[in-house]
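Worksheet for the structure shown next.
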Amino acid sequence: MPAAARRLRKTTAFMIVAIATMFAATDYAEARKGGFGGFGSRGSKTYSAPPTTKTAPETAAPVQRSMTPQPAQTQRTTPGAGGQAANAQRPGLFGGFGGALLGGLMLGGLVGMLFGGGLGGFAGFLGLILQVGLIVLLISLAMRFFRSRQQPATAGPNPFERAPDQNAPKAAPFSFGGGASGSASQAFAHPVTQPYEATAADLDRFEEMLSEVQSAYSREDYAALRQLATPEAMSYLAEELGELASAGKKNVVLDVKLLQGDVAEAWHEDSKDYVTVALRYSAVDYIAKRNSDDVISGDPDAPSESTEVWTFVRSSGGEWLLSAIQGTG
């Protein structure tokens, strides 16, 4: 019986470790499923989710990397990127250092179960968890007390804040094939925005830029990307290419074909026109080694489909530039 009990404890501990590892891998895969987090700028709408469309019925990934300042009011009230960032700064009782410490102790306890200690060791491990929990609780309460004394008084409500207009017209879908279409966006009190009607020529240009940007990215053609994207968007694309190069990899993208496109919203602000479009396209997209061209991930022989939300911007009379890209779930 003692030998059977030891085998049972070891088997249970191994199962717990395996399940924890599986959940961690699943969470990572789910986080990667929608592609990279959004980057770039959408003007005053950077941290608000664009309307869903027929092409992209799921909400676009929030903009996580942007040089556009994020208003404090948005961080407190807007769900999405701002709200998540605010919550990330206030970890729970077992978040941050406390969570890491407790996790390490739990792992240590499992190792103890595997390699000795028996039931007595397990009971001691539970007692240790209770002691650590009390210490973390006291530290958390002390930190909250000192933080509350240091925080200034909360400002009053934002006078420019406005509830969403439930009666605002929704974006009308279009085909990038050349039919004229567009949509009006909701106007915010600050900064002042005005509706912009995307023309057939605009939509044709967006279709061309989809292929041009993907091709330049695949060739690692920085000069071409600078002609197609804003300096901010270009910096993020260059950062991704640099990370791939540092890892000895390259992203090959071929045969880009637009399958469907919708205007999510279009507006004018600060002497600039903005158009956010949902794009569903197919492409041969895979990761390969830089030196040998051996495929690391993806299929070089079959195209795959992707759905993303791209925002284009232009100054009055200027050329359209890629301003932001957001993945979808």
**Study point:** Listing of strands (runs of 3 or more DSSP E) fully contained in segment 242-320 that carry 3 or more residues being more than 25 Å from Thr53 (Cβ to Cβ) and either within 21 Å of the chain's Cα centre (by Cα) or modelled with pLDDT of 95 or more (or both)
**Key:** 249-269, 272-289, 295-298
Revision key, fill the gap. Checking Glu243, Glu319, Glu308, Glu239 in turn, the sole residue that is open to solvent by 10 Å² or more (accessible area, probe 1.4 Å) and closer than 22 Å to Ala56 by Cα turns out to be Glu308
Revision key, fill the gap. Within segment 253-268, the count of residues that are open to solvent by 40 Å² or more (accessible area, probe 1.4 Å) and farther than 18 Å from Glu207 by Cβ comes to 1
**Study point:** Filter result for the condition that a residue is loosely packed, with under 13 Cβ neighbours inside 10 Å, over 20 Å from Leu225 (Cβ atoms) and among the polar types (S, T, N, Q), over Ser271, Ser282
**Key:** Ser271
Review point. Quick one: would you say Val313 is touching a Leu at 6+ places or on another chain (Cβ under 7 Å) and either over 17 Å from Gly40 (Cβ atoms) or in contact (Cβ under 8 Å) with a residue 40 or more places away in the chain (or both)?
Key: yes
Check your understanding: Restricting the search to segment 207-237, which residues are among the hydroxyl-bearing types (Ser, Thr, Tyr) and touching a Phe, Trp or Tyr at 6+ places or on another chain (Cβ under 6 Å)?
Key -> Tyr236
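The values are calculated or read from the model by the stated rules, or taken from the named source; none is laboratory data. Keep in mind that this is a model prediction, so the values were computed, not measured. Using ideal geometry, Cβ is built from the backbone for each residue, glycine included, and neighbour counts are taken over all protein chains shown. Remember, those area values only see protein heavy atoms, side chains included, never the ligands or the DNA or RNA. Shrake-Rupley method; radii C 1.70, N 1.55, O 1.52, S 1.80 Å.
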